[in-house]
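J.: One structure is given below, represented as structure tokens, and several questions about it will come after.
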Amino acid sequence: MLAGGAGSRMGPLTERRAKPALPFAGLYRLIDFPLSNCTNSGITDVWVLQQYQPHSLEDHLANGRPWDLDRSFGGLVLLQPFTGGDEEGFAEGNADALWRHHRMIAEFGADVVLVLSADAVYTLDYRDVIDSHLERDADVTMVTTEVDEDAGRFGVVIADDGGRVTSFEYKPDAPESNVVTTEVFAYRPSALLETLGSLAEGDEPLEDFGDALLPRLVDAGRAYAFPLPGYWRDVGTPDSYWQAHQDLLDGAGLDLDDLDWRIMTRAGHRPPALVETGATVERSLVSPACRVAGRVVRSVLSPGVVVEAGAVVEESVVLHDAVVKAGATVARAIVDAGVEVQAGRDIASATEDTTIAIYARPED
């Protein structure tokens, strides 16, 4: 599980935290979704590659206990940058990150290496992906989905009727398809390690999967697509992060109350939310320890958020322990954890076509 990127597209939201530690839907963190998918899929050997702001993530992971991964054998393993050997230092992309740990991968001796990112919100039984991968005797199986947004943000895939990938372009200027990778890949270990080794010894940079690794495997002819059968949204930009919350409120996102596929997280110990007399709450998620005395419409409040009387929060995401003071307005915005929106302050996107506003510190 790749959790070491800087998440620079998220702006101030990832200046002091790893992107996989970013809250989602009030109670959860982004990394909860692939971790919960692993647990629900019966996968108990999970390695998390960290690099950027690792402490913000380690605190949440809690040795894997929330996902039943605190085991004597297997379970959760945290992999950090290290010194010593040719692979020492910080990775410069996700393919490079895999190469720096190639000895551990080889020594483990897995039949399939499943590589996941923590940049998207989705549920998926990885056993179905692995079964398809093994049945096709594939070098790589790419889990794909169709997107309505700009496909040029992703790896764009074209496959034939049998599912074999015939074309792959990484973040193209003019995408030829709206079918993209979901950053879920199943690899044949020998193909993965041999290709990474060849790239490491050659002139091509390792960098990200899409730069050289996946094109090499597609050219070899044993790359296949596996369409994801359900909701998926990348949350790598403020706009997409905001939209994923709106999907949830519209009922178009995930079912977070699916008892057959639980989304697990590190639970807090905070009291129930309090909605004061005279407050208005419409179509919103209100987490524990929130206190609402103002107006909240189509918004998601993380634990401990305070909306004072006379304050308005509309179509927004407000993170842990933030305070919206009386007389302040927050609309189509993301308010970071622990900050105060002062009385009389108006934090809002001007129109539906503008970028979502972010309020990260009182002085911003």
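The values are calculated or read from the model by the stated rules, or taken from the named source; none is laboratory data. Keep in mind that what you see is a predicted model, and the values were worked out from it rather than measured. All Cβ positions, even for glycine, are placed from backbone atoms using ideal geometry, and neighbour counts span all protein chains on display.
J.: Would you point out which residue out of Gly278, Gly304 is modelled with pLDDT of 95 or more, touching a His at 6+ places or on another chain (Cβ under 6 Å) and under 21 Å from Thr329 (Cβ atoms)?
T.: Only one candidate passes the filter, namely Gly304.
J.: In region 240-255, is there at least one residue being outside the structural domain of Ala186 (by TED's automatic domain parsing), within 21 Å of Asn37 (Cβ to Cβ) and polar (S, T, N, Q)?
T.: no
J.: Still on this structure, I have one more. In region 39-60, which residues are among the hydrophobic types (A, V, I, L, M, F, W, C) and over 21 Å from Ala97 (Cα atoms)?
T.: Ile43
J.: Only one of these is over 19 Å from Ile43 (Cα atoms) and acidic (Asp, Glu): Asp148, Asp111, Asp128. Name it.
T.: None of the others qualify; the one that does is Asp148.
J.: A follow-up question, please. Residue by residue through region 215-255, note down the ones that are aliphatic (A, V, I, L, M) and at pLDDT 95 or above.
T.: Of everything in region 215-255, those that are aliphatic (A, V, I, L, M) and at pLDDT 95 or above turn out to be Leu217, Val218, Ala220, Ala223, Ala225, Leu228, Ala244, Leu248, Leu249.
Residue-by-condition table, conditions (1) out of contact with any strand residue (DSSP E or B) (no Cβ under 7 Å at 6 or more places or on another chain); (2) over 30 Å from Ala357 (Cβ atoms); (3) free of Cβ contacts under 8 Å to residues at least 12 places away in the same chain:
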{"position": "Pro175", "(1), (2), (3)": "no, no, no"}
{"position": "Val180", "(1), (2), (3)": "no, no, no"}
{"position": "Gly221", "(1), (2), (3)": "yes, yes, no"}
{"position": "Gln246", "(1), (2), (3)": "yes, no, no"}
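J.: For region 176-192, enumerate the residues that are over 30 Å from Arg100 (Cβ atoms) and either touching a Lys or Arg at 6+ places or on another chain (Cβ under 9 Å) or part of a strand (DSSP E or B) (or both).
T.: Across region 176-192, the qualifying residue is only Val179.
J.: Which one of these does Val281 not meet: (1) surrounded by 13 or more Cβ atoms within 10 Å (Cβ to Cβ); (2) outside the structural domain of Val323 (by TED's automatic domain parsing); (3) free of Cβ contacts under 8 Å to residues at least 60 places away in the same chain; (4) farther than 29 Å from Ile130 by Cα?
T.: (2)
J.: Being more than 21 Å from Asp258 (Cβ to Cβ) and not assigned by TED's automatic domain parsing to the domain that holds Ala333, is that true of even one residue in region 21-41?
T.: Yes, region 21-41 contains a residue that is more than 21 Å from Asp258 (Cβ to Cβ) and not assigned by TED's automatic domain parsing to the domain that holds Ala333.
J.: Scan region 132-169 for residues that are among the hydroxyl-bearing types (Ser, Thr, Tyr) and in a helix (DSSP H, G or I) and jot them down.
T.: Across region 132-169, the qualifying residue is only Ser132.
J.: Shifting gears a bit: Quick one: how many residues across region 80-130 are at pLDDT below 90 and in a strand (DSSP E or B)?
T.: Number of matching residues: 2.
J.: On to the next question. Restricting the first residue to region 100-124 and requiring it to be charged (D, E, K, R), which pairs with a second residue that is part of a strand (DSSP E or B) and surrounded by 16 or more Cβ atoms within 10 Å (Cβ to Cβ) meet a Cβ separation below 7 Å and a spacing of at least six or different chains?
T.: Every condition considered, the pairs that remain are Asp119/Glu183; Asp119/Asp234.
J.: Regarding region 54-72, can at least one residue be identified that is of a type outside the set (Lys, Arg), in contact with a Ser or Thr (Cβ under 9 Å, 6 or more places away or on another chain) and without any contact (Cβ under 8 Å) to a residue 12 or more places away in the chain?
T.: no
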